[in-house]
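Asker: Pasting in a structure now, in structure tokens, and then I'll have a few things to ask.
Nothing in this text is a laboratory measurement; each read-out follows from the coordinates by a stated rule. Source: prediction; values computed, not measured. Virtual Cβ from ideal backbone geometry, glycine too; neighbours counted across all protein chains shown.
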Amino acid sequence: MTECLAGGVLTFLVNFTHAFYDDTHIIIYGKRAYTPDHVEKLFGSNVTLVFWEHATQKIQPYKDIIAFKELIYLLHNYKGADIIQLHSSKAGFLGRVACRVLGMISKTVYIPHGISFARQDISYNKALFYIVLERFANRLGGQVVACSHSEGQLCLNKGIKNVSVISNGIASSKYFFQKQGPLKPIIIGTSGRITLQKNPALFLDIASHFYHNPYVKFLWIGDGEMHTILDGTENIAVTGWLSYQKHKNELQNIDIYLSTASWEGLPYAVLEAMSLGKPLILSQCIGNIDLVKPEQNGFSYRTANQASNEIRFFMHHPEQITVMGSQSHKMVQTEFSLKNMKDKYMKLYHSVLSIDNTSQY
């Protein structure tokens, strides 16, 4: 279940249910403004979607009580489920309380996809409040699964127990395309919603260092409520929302992937770029730091000046775009594949259900 069938949660669930194609999945979900129309078409015949009408993203006590009662009713219909997965913070909290009430907590797995108190757009006191909520729900029982090692360590540091780490994984082809010949201009790209989390102001700041350089262009693949920050800047193009294939084509045509995110879980957008053989320049935040190995598949940075210097490195050493991009692709194959993710979840579920099935692995 999730209150937020959109963004990284949606990508995870599509990948997950496709990987576990022999199993039956019931997704209890709430919508967001950016949930795709006809979202059910993204899933296979092994998936049933059940709408959670009163689920909201923000904490709203009266509405949350109604959502909780609705969730109890919906979950009661699926007491025979083998595993209960909870995705994102609101579903993680309400879901664990509901599962405790219904006697289902022992088979509950909570996957935050970016733990609530890691956010950088909230006050110190609000972050403490989120930590209290997470600790309370954690004491009710169930297993927590962080999608990156840095997120897992943060959870442990804040007193969250029973934490496993299973990195997000994606399907990736054995081969990938890279541009040949001189790279003029070099295209620096990013992908996703233009929101405070993704820090478009920092993206603009980095691009401003190359405003008068005709050989460096910046591309934001996507759209969002903060798109006006990037409007009217000659060396930044914004594609708007695209179909899956057009999105992939745009991502294929960039040379370097730049992330300016302030916090993450383990970003699928970066994994997708890696699977296409792109070197990385990533902000040093939770999630991002798990995906870049400095001077192997790219660089990490703290300031716009550092990011600009890393772009200049690639300008002066264009052959490293191919070298480091190949390393990104290799990392997806070996560390962040969909098969690896599936195998680790299978082992976790056998452990949760106390089934001795180790002979399969």
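Asker: If neighbour count is taken as other Cβ atoms inside 10 Å, put Lys158, Lys79 in order from fewest to most.
Answerer: Values: Lys158 17, Lys79 11.
Ascending number of Cβ neighbours within 10 Å: Lys79, Lys158.
Asker: Now for a different question. Give me Val323, Val109, Val97 ranked fewest to most by other Cβ atoms within 10 Å of their Cβ, as a rough exposure proxy.
Answerer: On the way: Val323 12, Val109 22, Val97 17.
Fewest-to-most Cβ neighbours within 10 Å comes out as Val323, Val97, Val109.
Asker: To continue, here is another question. Please report the spacing between the Cα centers of the stretch 12-74 and the stretch 221-296 in Å, no decimals.
Answerer: Spelled out, the Cα-based centre of one part sits 26 Å from the other.
Asker: Return the FRET efficiency for the residue pair Ser123, Asp37: r is the Cβ-Cβ distance, R0 is 35 Å, and the value is rounded to the nearest 0.05.
Answerer: Details: r = 35 Å, r/R0 = 1.00.
The calculated FRET efficiency here is 0.50.
Asker: Using Cα pairs under 8 angstrom and six or more residues apart, how large is the relative contact order of the chain, in percent? Intermediate results must be reported in sequence, preceding the final value.
Answerer: Values: 637 pairs, mean separation 51.4, N = 361.
Reported as a whole number, the value is 14 percent.
Asker: Here is a further query. Return the long-range amide H neighbours of Ile194 (sequence gap of 5 or more, or a different chain), with a cut-off of under 5 Å between placed amide H atoms.
Answerer: Amide H to amide H, under 5 Å and 5 or more residues apart or across chains, Ile194 pairs with Asp223, Gly224, Glu225, Met226.
Asker: Once amide H atoms are built 1.01 Å from N in the peptide plane, which residues 5 or more positions from Gly30, or in another chain, come under 5 Å H to H?
Answerer: Under 5 Å from the amide H of Gly30: Thr2, Glu3, Cys4, Leu5, Trp52.
Asker: What is the mean projected area of the alpha carbon convex hull for the stretch 302-357, to one decimal in square nanometres? It would help to have the intermediate numbers written out before the result.
Answerer: Details: hull surface 23.9 nm².
That works out to 6.0 nm².
Asker: For the stretch 186-335, would you read off the P(r) tail past 20 Å as a percentage of all alpha carbon pairs? Let's see the in-between values first.
Answerer: Details: 4657 of 11175 pairs.
Within the stretch 186-335, distances greater than 20 Å cover 42 percent of Cα pairs.
Asker: Related question: Kindly write out, for the stretch 151-156 in residue order, the coupling ³J(HN,Hα) from the Karplus curve 6.51 cos²θ - 1.76 cosθ + 1.60 (θ = phi - 60°), rounded to whole Hz, with x marking Gly and Pro.
Answerer: Listing the rounded values in order: 5, x, 5, 4, 4, 4 Hz.
Asker: Through the Karplus equation 6.51 cos²θ - 1.76 cosθ + 1.60, θ set to phi - 60°, convert the phi angles of the stretch 22-31 into ³J(HN,Hα) values in whole Hz; use x for Gly and Pro.
Answerer: 8, 10, 9, 10, 10, 10, 8, 9, x, 9
Asker: Sticking with this structure for a sec: Nearest 500 deg cm²/dmol is fine: what mean residue ellipticity at 222 nm does the chain get from its DSSP H runs of n ≥ 4 alone, each adding -39,500 (n - 2.57), divided by its residue count? Can you show the working numbers first?
Answerer: Working: 11 runs with 140 residues, N = 361.
The per-residue figure over the chain is -12000 deg cm²/dmol.
Asker: Please check: in the Gaussian network model of the chain (C-alpha springs, under 10 Å), which one of Asn235, Asn309, Asn297 has the largest mean-square fluctuation.
Answerer: Between Asn235, Asn309, Asn297, it is Asn309 that shows the largest mean-square fluctuation.
Asker: Provide His149, His316, His76 in ascending order of the number of other Cβ atoms located within 10 Å of each residue's Cβ, fewest first.
Answerer: His316, His76, His149
Asker: Once phi is turned into θ = phi - 60°, what whole-Hz ³J(HN,Hα) does the Karplus curve with 6.51, -1.76 and 1.60 give for every residue of the stretch 44-54, x standing for Gly and Pro?
Answerer: Whole-Hz 3J(HN,Hα) from phi for the stretch 44-54: x, 6, 8, 10, 10, 9, 10, 6, 9, 4, 9.
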